[in-house]
Amino acid sequence: MKIICITGGVLSGIGKGITGASIGAILKSAGYNIFMQKFDGYLNIDPGTMNPLEHGEVFVTDDGTETDLDIGHYERFIDTNLTKDSSWTTGKIYQEIFEKERKGDYLGQTVQVVSHVAGLVKEKIKQGYEHSGADISLIEIGGTVGDMENEYLIESLRQLRHELGSDNVIFIHLVYLPYLGASKELKTKPAQNSVRDLMARGIDPDLLVLRADMPIDDNIIKKLSIMCGLPEQCVIPSTTVSSIYEVPVNYHHYGVGERIIEKLKLPNSKFDLSAWNTLLEYKQESTTTKKIAMVGKYCKLEDAYYSLNEGLKTAGYWNKTFIHIDFIDATDIETEGTQLLESYDGICIPGGFGTRGIEGMILTTQYAREHNIPFLGICLGSQIMAIEYARNVLGYSDATSEEFDTANQSTNHIVHIMNHQKTISDKGGTMRLGSYECILTPGSKAEQMYSNNTIQERHRHRYEFNNNYREEFEKNGFHISGTSSDGLLVEIVELSNHPYMIATQAHPELKSRPLNPHPLFIGFVHAL
């Protein structure tokens with residue numbers, strides 16, 4: 001069992017997820033099977049009920065687990081479908097502890113944090129490793145060392161190294177070097193203190209990664225090598241880059257893979273990052289820029305649509321095109337009008353919940369349809385596309401979704417709640433979640449892009465197209481090009497008389513990879 005633990009210090013949000021994912025990509029390039037996990041200190045069972053404006057997007061795995069967006073980084077960089085074993089929160093850990101205690105599984109013992117809770121964390125790490133069949137597992141601890149809610153997680157990892165040995169469990173600590181404008185220098189004291197905090201908890205890091213927004217010179221590396229007791233080659237600079245896809249290549253340049261292989265006592269390996277280099281070459285050679293308007297509900301935080309943004313951008317790179325995305329709150333369309341959309345080459349409406357901004361999205365969709373602007377709808381975007389068509393083409397002026405019609409004033413719910421959702425009251429983990437089969441209509445644009453008639457896509461929704469209107473839509477140019485395997489649920493729709501107006505009830509961004517962009521994104525970029 002070979003495990004790499006990734007911790008952070010000084011402040012959060014400096015890129016532990018990207019660091020872990022990049023290291024995973026490097027090790028995978030040498031032929032190792034990689035598994036990744038993240039442990040977060042918050043008490044929510046999962047991020048599924050958290051506000052995207054506060055926490056960022058909810059990433060859904062094939063098995064239907066609602067996870068942190070870092071799981072998306074992992075999947076994209078190591079090109080591996082992860083599972084429920086990859087995402088743990090304090091809430092989920094304690095829920096299992098309480099359930100075990102109530103069942104009598106602890107046989108009358110006094111249930112404690114250090115022994116029982118830490119023991120369960122170690123069990124989940126080992127379980128994930130074994131279930132995945134991995135050669136190496138990477139474990140990220142959310143937040144920073146010293147956070148009260150993470151103390152038991154750090155202790156769990158300390159115990160794990162004690163049990164398995166330092167040849168099998170290593171630590172990579174990521175710290176931030178603040179830049180002091182007055183003296184025009186990077187300061188190392190916060191990093192030194194963070195390493196001391198980690199050491200005070202019984203853990204000496206094997207590698208120290210330095211995050212900074214300014215160049216890191218050799219003197220800083222030498223200083224931190226001395227102050228933190230690490231060889232200079234184990235102090236890795238990581239300055240801010242223009243693209244996160246440069247990070248694996250940069251870490252490889254500094255020998256991160258070799259250092260890890262040495263410390264884990266693994267055979268010498270040859271690393272091959274040629275595919276990542278090719279992606280960066282295509283990005284560098286991109287000479288065309290296309291502008292996309294992302295019209296949604298959570299536009300004040302770009303991380304709310306992180307996977308979608310990256311999917312579109314990487315599809316652009318492979319087409320040697322820069323995709324510039326502007327985030328427009330749908331309520332701004334309601335107040336200022338569709339003139340806000342006039343300068344864009346394409347329009348995308350992403351997923352979301354609730355009534356705010358819906359009319360702005362409908363106006364946006366109408367604008368894209370009437371002006372032949374390439375349009376891509378995701379989840380809610382597919383429902384909006386159907387509602388707009390019903391109102392402005394089929395003549396159902398009160399057309400809406402059952403979700404938005406809380407006063408039940410409309411007689412035309414073009415979108416309604418799925419039957420099995422009607423009796424569900426709990427919000428967490430109860431939607432249609434995970435990967436489902438979809439059958440594509442022969443000859444449709446969707447089938448042409450996928451180059452297949454049977455596909456798998458991930459979902460996260462409660463509402464679906466109302467089949468009572470299906471025949472009328474089909475007769476009037478609104479083509480249903482993808483359905484569930486039983487033919488009952490509408491999954492993909494497209495307009496036959498539009499250059500590119502396609503929407504899916506699924507979330508294709510969750511399966512798009514930087515080295516293998518999703519077919520719908522490639523088609524969208526080509527249409528711009």
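List every residue pair whose Cβ atoms sit under 9 Å apart, with the two residues 6 or more apart in sequence or on different chains, where the first one lies in region 253-266 and is touching a residue at least 60 places away in the same chain (Cβ under 8 Å) and the second, anywhere, is of a type in the set (Lys, Arg).
If the second residue must be of a type in the set (Lys, Arg), the pairs left are Leu264/Lys2; Lys265/Lys2; Leu266/Lys2.
Among residues belonging to region 1-34 that are hydroxyl-bearing (Ser, Thr, Tyr) and in contact with a Pro (Cβ under 9 Å, 6 or more places away or on another chain), point out the one that is farthest from Glu149 (Cα to Cα).
Taking region 1-34 first, the residues hydroxyl-bearing (Ser, Thr, Tyr) are 7, 12, 19, 22, 29, 32.
Checking which are in contact with a Pro (Cβ under 9 Å, 6 or more places away or on another chain) leaves us with 7, 22, 29.
Numbers: Thr7: 14, Ser22: 26, Ser29: 35 Å.
If we take residues in region 1-34 being hydroxyl-bearing (Ser, Thr, Tyr) and in contact with a Pro (Cβ under 9 Å, 6 or more places away or on another chain), then Ser29 is farthest from Glu149 (Cα to Cα).
Which strands (runs of 3 or more DSSP E) does region 397-487 wholly contain that include 1 or more residues that are over 16 Å from Ile502 (Cα atoms) and modelled with pLDDT under 90?
Result: 413-417, 432-440.
Considering every residue within region 209-216, establish whether at least one is closer than 30 Å to Gly119 by Cβ, touching a residue at least 40 places away in the same chain (Cβ under 8 Å) and either within 28 Å of the chain's Cα centre (by Cα) or not assigned by TED's automatic domain parsing to the domain that holds Leu120 (or both).
Yes, some residue in region 209-216 is closer than 30 Å to Gly119 by Cβ, touching a residue at least 40 places away in the same chain (Cβ under 8 Å) and either within 28 Å of the chain's Cα centre (by Cα) or not assigned by TED's automatic domain parsing to the domain that holds Leu120 (or both).
Find all pairs meeting these conditions: Cβ atoms under 9 angstrom apart; at least six residues apart or on different chains; first residue within region 103-132 and at pLDDT below 95; second residue exposed (fewer than 13 other Cβ atoms within 10 Å of the Cβ) and among the acidic types (Asp, Glu).
Asp105/Glu99
Test of understanding: among Ala304, Ala293, which residue is in the same structural domain as Ala503 (by TED's automatic domain parsing), crowded, with 18+ Cβ neighbours inside 10 Å and either without any contact (Cβ under 8 Å) to a residue 12 or more places away in the chain or assigned to a strand (DSSP E or B) (or both)?
Ala293
Of Gly165, Gly181, which residue is among the small types (Gly, Ala, Ser) and within 30 Å of Val113 (Cα to Cα)? Even if it seems obvious, please write down each step before you answer.
Details: Gly181 fails: within 30 Å of Val113 (Cα to Cα).
Result: Gly165 is the single residue among Gly165, Gly181 that is among the small types (Gly, Ala, Ser) and within 30 Å of Val113 (Cα to Cα).
Yes or no: region 418-425 includes at least one residue that is within 28 Å of the chain's Cα centre (by Cα) and within 22 Å of Asn476 (Cα to Cα).
No, every residue in region 418-425 fails to be within 28 Å of the chain's Cα centre (by Cα) and within 22 Å of Asn476 (Cα to Cα).
In contact (Cβ under 8 Å) with a residue 40 or more places away in the chain and either out of contact with any strand residue (DSSP E or B) (no Cβ under 7 Å at 6 or more places or on another chain) or within 16 Å of Thr7 (Cβ to Cβ) (or both): does that describe Leu177?
Working: in contact (Cβ under 8 Å) with a residue 40 or more places away in the chain: yes; either out of contact with any strand residue (DSSP E or B) (no Cβ under 7 Å at 6 or more places or on another chain) or within 16 Å of Thr7 (Cβ to Cβ) (or both): no.
Spelling it out, it is not the case that Leu177 is in contact (Cβ under 8 Å) with a residue 40 or more places away in the chain and either out of contact with any strand residue (DSSP E or B) (no Cβ under 7 Å at 6 or more places or on another chain) or within 16 Å of Thr7 (Cβ to Cβ) (or both).
The values are calculated or read from the model by the stated rules, or taken from the named source; none is laboratory data. This one's a predicted model, so the numbers in the text were calculated from it and none came from an experiment. Glycine gets a Cβ as well: all are built from the backbone with ideal geometry, and neighbour counts include every protein chain shown.
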